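Here the structure comes first, spelled out in structure tokens, and everything after it is commentary.
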Amino acid sequence: MEHFFENLLFGARHELKNRYLHIAYRENPRSVEDASPAYGNRQNDSVNDSVNDSVNDSVNDSVKSTAGQQAILNRIKDNPFITQSELAQQTGLSVSTVIRQMKKLQTAGLLRRVGADKNGYWQAEESRR
């Protein structure tokens, strides 16, 4: 705040950034307790972000997975030689989501690849439910 008022009142040219204007800001905090609560610990931020992303993805995937997986299985039953890109276009899912869902289907034993990657085909197994 001092820099702001010096700029305002005395014509100084201090660099003003939000982190400098925050009252509890410290340039080099000595410990986690010294870090500004408004900005948190930057090291923990990346850990929290990655944990939150993976939790959110798994929750979102589980909600959509049955519909998405069923759409993939139906398309594969219609055309066993279909590519993952074609599946993505036809189902409206992204390619990465199709790949992830197909891996889940393979793990569950509902889908398997027969033959080589280039010349093979997909085989949808009967439901185990």
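The values are calculated or read from the model by the stated rules, or taken from the named source; none is laboratory data. Everything numeric in this text was worked out from a predicted model, so none of it was measured. In this analysis, Cβ positions are derived from the backbone assuming ideal geometry, glycine residues included, and neighbour counts consider all displayed protein chains.
If we keep just the residues of the range 72-129 that are among the basic types (Lys, Arg) and at pLDDT 90 or above, which is farthest from the chain's Cα centre (by Cα)? Can you show your working first?
Initially, the range 72-129 is screened for residues among the basic types (Lys, Arg), giving 75, 77, 100, 103-104, 112-113, 118, 128-129.
With at pLDDT 90 or above added as a condition, the list becomes 75, 77, 100, 103-104, 112-113.
Working: Arg75: 26, Lys77: 30, Arg100: 12, Lys103: 17, Lys104: 17, Arg112: 26, Arg113: 27 Å.
Per the stated criteria, the residue is Lys77.
Matching residues to (1) β-branched (Val, Ile, Thr); (2) in a strand (DSSP E or B):
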residue	(1), (2)
Ile72	yes, no
Ile76	yes, no
Ala88	no, no
Leu93	no, no
Ser96	no, no
Ile99	yes, no
Leu105	no, no
Arg112	no, yes
Gln123	no, yes
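Residue check: is Glu27 at pLDDT below 90 and either assigned to a loop (DSSP other than H, G, I, E, B) or surrounded by 13 or more Cβ atoms within 10 Å (Cβ to Cβ) (or both)? So that I can check it myself, show each step before the final result.
Details: at pLDDT below 90: yes; either assigned to a loop (DSSP other than H, G, I, E, B) or surrounded by 13 or more Cβ atoms within 10 Å (Cβ to Cβ) (or both): yes.
Judged against the criteria, Glu27 is a match.
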